[in-house]
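Engineer: Pasting in a structure now, in C-alpha cells, and then I'll have a few things to ask.
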Amino acid sequence: DVCSSDLFIASTHKSRLFIKKRIESTCADGFAKALKSGTIAQAGAPMTVYVRMLDDVCTFSLDTSGELLHKRGLKTMTSEAPLRETIAAAMLAFMGAPPEGATLIDPMMGSGTFFFEAAGVENQRSYAFEQIPKYANEKTSNVKENVNANANVSVQTFSRFYGFELDPKTAEAARENLKTLDTPVTLTVADIFDAKPLEIEGPKWLIANPPYGERLKIEGRLKDYYELLFETCERVVHPDKACFVLPDSAKPDRLRAPSKWSLEKTLKFQNGGLPVTALLFGRS
C-alpha cells in the first residue's frame, strides 16, 4: 500500500509541527485521497518520501534509489569491516588495466569485494525508481542497464583470483559470495604473515585494504604493522604491482617499502569517515 505511513519518513526542526508520526500519517491520508485508488503495486525496492519540516517550511523528497547506491546487491554475506563496492572499483581503476594473464591477489580479502569488482559483475538489485509508473515495463530495463554500466567503473579482466583470509567464518562468507564468478578463485584460510611464497605464473597484481586499527584492532604501532605487511607481500607474492589503502594516521607517505618497490602514485580520500591514502607501487 503506497499510502501507508511507513513509506513517509518525517523530520522536524524549529517547527510548530513536531510529532513525526502524526506528520507521516497525515501525509499518507492526504496522498491516499489525491490518488483516489489508494494503492500502487510494489514489486521491487520500496519508495520512500522524506518529509522535512524546517522553520514551518515543508519539503518533500522522493527517494529514487532505495538501497544505498554503493551496494551492488552482489554479496549475500559480508564481513565485520566491509569495504564499499564503489571504493573497491575505484581502487582497481586507480591501478589501471592489467596485462594479459594477470592474477589478482588479495592478502586480506574479507568477503571478496575486490574480486567481485574486478570480475565486472553487473548489479543485481532493485531500484526505487522502478516503482514510478513512467519507468514501468520497457523503460525500466533501459534505465537499469545504464545504471549498471555507469556503476561498474572497473573494466579490468584477470585470469585468476587468489585470496588469503585468516578468519574461517569470513572465509566461508567469501566462498559463498564468490561461487557465482566465472573467473577461477583460490581461497586460502591462513594468515598472510605465515604464508609460504606463491607459485603463480604470469603477472601478479596485489591489492589490499588492511585493518586501520579502529574496528579491527591490531597489536603494536600501525607503522610497524604496515611495513611488515609490505615485506610479507614481497616475500609471499613478489607482485609486479601493489596497491594498499591505509589510514592517514599511519603517515603512509613515510612508510618504508621493500627496496624493489617504487611508489608510482597516491590518492587521498575518505573511507568510512576516516582520511585514507591509496599507495600504488610498481617494481623498480
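Engineer: Of everything in segment 50-67 that's modelled with pLDDT under 85 and in contact with a Lys or Arg (Cβ under 9 Å, 6 or more places away or on another chain), which residue is farthest from Gln270 (Cα to Cα)?
Structural biologist: Filtering first and then ranking leaves Gly66.
Engineer: In segment 212-237, what residues are surrounded by 16 or more Cβ atoms within 10 Å (Cβ to Cβ) and in a loop (DSSP other than H, G, I, E, B)?
Structural biologist: Tyr212, Gly213, Val237
Engineer: Please go through segment 270-284 and pick out each residue that is of a type outside the set (Gly, Ala, Ser), within 16 Å of the chain's Cα centre (by Cα) and modelled with pLDDT of 95 or more.
Structural biologist: Once the filter is applied, which keeps residues that are of a type outside the set (Gly, Ala, Ser), within 16 Å of the chain's Cα centre (by Cα) and modelled with pLDDT of 95 or more, segment 270-284 yields only Val276.
Engineer: Can you tell me which residues in segment 187-201 are surrounded by 13 or more Cβ atoms within 10 Å (Cβ to Cβ) and either closer than 19 Å to Lys169 by Cβ or out of contact with any Phe, Trp or Tyr (no Cβ under 9 Å at 6 or more places or on another chain) (or both)?
Structural biologist: Leu187, Thr188, Val189, Ala190, Asp191, Ile192, Phe193
Engineer: Among the listed residues Leu206, Leu216, which satisfies the condition of being of a type in the set (A, V, I, L, M) and modelled with pLDDT under 95?
Structural biologist: On the way: Leu206 fails: modelled with pLDDT under 95.
Residue meeting the stated conditions: Leu216.
Engineer: If you scan segment 239-284, which residues turn out to be part of a loop (DSSP other than H, G, I, E, B) and either in contact with an Asp or Glu (Cβ under 6 Å, 6 or more places away or on another chain) or of a type in the set (S, T, N, Q) (or both)?
Structural biologist: Leu255, Arg256, Pro258, Ser259, Ser284, listed by residue number.
Engineer: Next up: Can you pull out every residue in segment 240-284 that is open to solvent by 80 Å² or more (accessible area, probe 1.4 Å), closer than 19 Å to Phe114 by Cβ and in contact (Cβ under 8 Å) with a residue 12 or more places away in the chain?
Structural biologist: Those that are open to solvent by 80 Å² or more (accessible area, probe 1.4 Å), closer than 19 Å to Phe114 by Cβ and in contact (Cβ under 8 Å) with a residue 12 or more places away in the chain: Glu264, Lys265.
Engineer: Now for a different question. Kindly state which helices (runs of 4 or more DSSP H) lie completely within segment 84-180 and contain at least 2 residues that are under 26 Å from Ala190 (Cα atoms) and at pLDDT 65 or above.
Structural biologist: Numbers: elements: 85-95, 113-119, 138-151, 168-178.
Those helices (runs of 4 or more DSSP H) span 85-95, 113-119, 168-178.
Engineer: May I ask you to list the residues in segment 197-211 that are in a loop (DSSP other than H, G, I, E, B) and touching a Lys or Arg at 6+ places or on another chain (Cβ under 9 Å)?
Structural biologist: Scanning segment 197-211 gives Pro197, Leu198, Ile200, Gly202, Pro203, Pro211.
Engineer: Would you mind stating whether Lys179 is out of contact with any Leu (no Cβ under 9 Å at 6 or more places or on another chain), free of Cβ contacts under 8 Å to residues at least 24 places away in the same chain, within 24 Å of Gly120 (Cα to Cα) and open to solvent by 80 Å² or more (accessible area, probe 1.4 Å)?
Structural biologist: Yes: the conditions hold for Lys179.
The values are calculated or read from the model by the stated rules, or taken from the named source; none is laboratory data. Predicted, not measured: the structure shown is a model, and the values here were computed from it. Ideal geometry is used to build each Cβ from the backbone, glycine not excepted, and the neighbour counts take in all protein chains shown. The accessibility values were calculated without ligands, DNA or RNA, using every heavy atom of the protein model including side chains. Shrake-Rupley method; radii C 1.70, N 1.55, O 1.52, S 1.80 Å.
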